[in-house]
1. If a residue has to be in a helix (DSSP H, G or I) and surrounded by 11 or more Cβ atoms within 10 Å (Cβ to Cβ) to count, how many in the range 21-55 make the cut?
2. Can we say ARG12 is touching a residue at least 40 places away in the same chain (Cβ under 8 Å) and in a helix (DSSP H, G or I)?
3. Out of the residues in the range 56-85 that are assigned to a helix (DSSP H, G or I) and modelled with pLDDT under 85, state the one that is farthest from ILE14 (Cα to Cα).
4. So which of ILE65, ILE18 ends up being touching a Leu at 6+ places or on another chain (Cβ under 8 Å) and among the aliphatic types (A, V, I, L, M)?
5. May I ask you to list the residues in the range 20-43 that are under 12 Å from ILE65 (Cβ atoms) and small (Gly, Ala, Ser)?
6. Please determine whether any residue of the range 69-77 is over 30 Å from THR4 (Cβ atoms), open to solvent by less than 100 Å² (accessible area, probe 1.4 Å) and either among the small types (Gly, Ala, Ser) or in contact with a Phe, Trp or Tyr (Cβ under 7 Å, 6 or more places away or on another chain) (or both).
7. Which pairs do you get when a residue that is more than 17 Å from ALA59 (Cβ to Cβ), found in the range 23-44, comes within reach of a residue that is open to solvent by 80 Å² or more (accessible area, probe 1.4 Å) and in a loop (DSSP other than H, G, I, E, B), reach meaning Cβ atoms under 8 angstrom, with the pair 6+ apart or on two chains?
Amino acid sequence: MKKTSDQVEEVRIILDTILGLSQTINDLVENDIALFFEYPSADEGKKWQAKRLANKLLALATATIGTTEKAQNQVELVANELLKGGVNND
(Lines give C-alpha, C1' and ligand atoms only; values in the text may rest on other atoms or scores of the structure.)
Protein backbone atom coordinates (compact mmCIF):
# COMPACT_ATOMS: atom_id res chain seq x y z
CA MET A 1 0.00 0.00 0.00
CA LYS A 2 1.26 3.45 -0.85
CA LYS A 3 2.06 6.01 1.77
CA THR A 4 -0.47 8.76 2.31
CA SER A 5 2.05 11.37 1.16
CA ASP A 6 2.53 9.48 -2.13
CA GLN A 7 -1.23 9.29 -2.63
CA VAL A 8 -1.63 13.00 -1.92
CA GLU A 9 1.13 13.78 -4.42
CA GLU A 10 -0.59 11.63 -7.07
CA VAL A 11 -3.87 13.49 -6.48
CA ARG A 12 -2.04 16.81 -6.78
CA ILE A 13 -0.54 15.73 -10.10
CA ILE A 14 -3.93 14.61 -11.42
CA LEU A 15 -5.59 17.85 -10.33
CA ASP A 16 -2.78 19.91 -11.88
CA THR A 17 -3.28 18.02 -15.13
CA ILE A 18 -7.05 18.61 -15.10
CA LEU A 19 -6.50 22.27 -14.31
CA GLY A 20 -3.98 22.64 -17.14
CA LEU A 21 -6.29 20.97 -19.64
CA SER A 22 -9.23 23.12 -18.54
CA GLN A 23 -7.18 26.30 -18.80
CA THR A 24 -6.02 25.27 -22.28
CA ILE A 25 -9.60 24.67 -23.42
CA ASN A 26 -10.61 28.01 -21.93
CA ASP A 27 -7.74 29.82 -23.66
CA LEU A 28 -8.42 28.18 -27.02
CA VAL A 29 -12.10 29.04 -26.96
CA GLU A 30 -11.52 32.59 -25.68
CA ASN A 31 -8.79 33.27 -28.25
CA ASP A 32 -10.79 31.88 -31.15
CA ILE A 33 -14.29 32.79 -30.04
CA ALA A 34 -14.67 34.95 -33.14
CA LEU A 35 -14.76 31.72 -35.15
CA PHE A 36 -17.91 30.78 -33.27
CA PHE A 37 -19.50 34.21 -33.39
CA GLU A 38 -18.65 34.80 -37.05
CA TYR A 39 -19.63 31.31 -38.13
CA PRO A 40 -19.47 31.28 -41.95
CA SER A 41 -23.03 30.43 -42.78
CA ALA A 42 -26.09 32.25 -43.99
CA ASP A 43 -28.18 29.95 -41.79
CA GLU A 44 -29.03 31.91 -38.64
CA GLY A 45 -29.86 28.69 -36.80
CA LYS A 46 -26.35 27.36 -37.38
CA LYS A 47 -24.82 30.66 -36.32
CA TRP A 48 -26.89 30.58 -33.13
CA GLN A 49 -25.76 27.00 -32.45
CA ALA A 50 -22.09 27.97 -32.93
CA LYS A 51 -22.43 30.88 -30.47
CA ARG A 52 -24.21 28.65 -27.99
CA LEU A 53 -21.47 26.02 -28.30
CA ALA A 54 -18.79 28.65 -27.61
CA ASN A 55 -20.62 29.86 -24.52
CA LYS A 56 -21.13 26.30 -23.25
CA LEU A 57 -17.46 25.43 -23.78
CA LEU A 58 -16.37 28.54 -21.89
CA ALA A 59 -18.80 27.79 -19.07
CA LEU A 60 -17.61 24.18 -18.87
CA ALA A 61 -13.94 25.16 -18.82
CA THR A 62 -14.57 27.84 -16.20
CA ALA A 63 -16.54 25.45 -13.99
CA THR A 64 -13.86 22.78 -14.30
CA ILE A 65 -11.14 25.27 -13.39
CA GLY A 66 -13.07 26.45 -10.34
CA THR A 67 -13.90 22.93 -9.17
CA THR A 68 -10.32 21.75 -9.64
CA GLU A 69 -8.97 24.71 -7.66
CA LYS A 70 -11.41 23.92 -4.83
CA ALA A 71 -10.33 20.28 -4.86
CA GLN A 72 -6.68 21.34 -4.75
CA ASN A 73 -7.41 23.49 -1.70
CA GLN A 74 -9.17 20.58 0.00
CA VAL A 75 -6.22 18.28 -0.70
CA GLU A 76 -3.86 20.86 0.79
CA LEU A 77 -6.01 21.17 3.92
CA VAL A 78 -6.15 17.41 4.41
CA ALA A 79 -2.43 17.02 3.72
CA ASN A 80 -1.63 19.71 6.28
CA GLU A 81 -3.86 18.02 8.86
CA LEU A 82 -2.19 14.68 8.18
CA LEU A 83 1.23 16.24 8.58
CA LYS A 84 0.11 17.68 11.91
CA GLY A 85 -1.15 14.21 12.85
CA GLY A 86 -4.67 15.40 13.50
CA VAL A 87 -7.19 13.78 11.19
CA ASN A 88 -10.17 12.48 13.11
CA ASN A 89 -12.00 9.69 11.28
CA ASP A 90 -15.13 9.64 13.46
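1. Summing the residues that are in a helix (DSSP H, G or I) and surrounded by 11 or more Cβ atoms within 10 Å (Cβ to Cβ) in the range 21-55 gives 24.
2. Yes; evaluated as a whole, the condition is true for this residue.
3. The extreme case among them is LYS84.
4. The unique qualifying residue is ILE65.
5. GLY20, SER22
6. No; the residues of the range 69-77 include none that is over 30 Å from THR4 (Cβ atoms), open to solvent by less than 100 Å² (accessible area, probe 1.4 Å) and either among the small types (Gly, Ala, Ser) or in contact with a Phe, Trp or Tyr (Cβ under 7 Å, 6 or more places away or on another chain) (or both).
7. Once the first residue is more than 17 Å from ALA59 (Cβ to Cβ) and sits in the range 23-44, no partner that is open to solvent by 80 Å² or more (accessible area, probe 1.4 Å) and in a loop (DSSP other than H, G, I, E, B) comes close enough.
The values are calculated or read from the model by the stated rules, or taken from the named source; none is laboratory data. No experiment lies behind these values; they were computed from the predicted model shown. Because the Cβ atoms are built from the backbone with ideal geometry, glycine has one as well, and the counts that use them run over all protein chains shown. Keep in mind that these areas ignore ligands, DNA and RNA; they rest on the heavy atoms of the full protein, side chains included. Shrake-Rupley method; radii C 1.70, N 1.55, O 1.52, S 1.80 Å.
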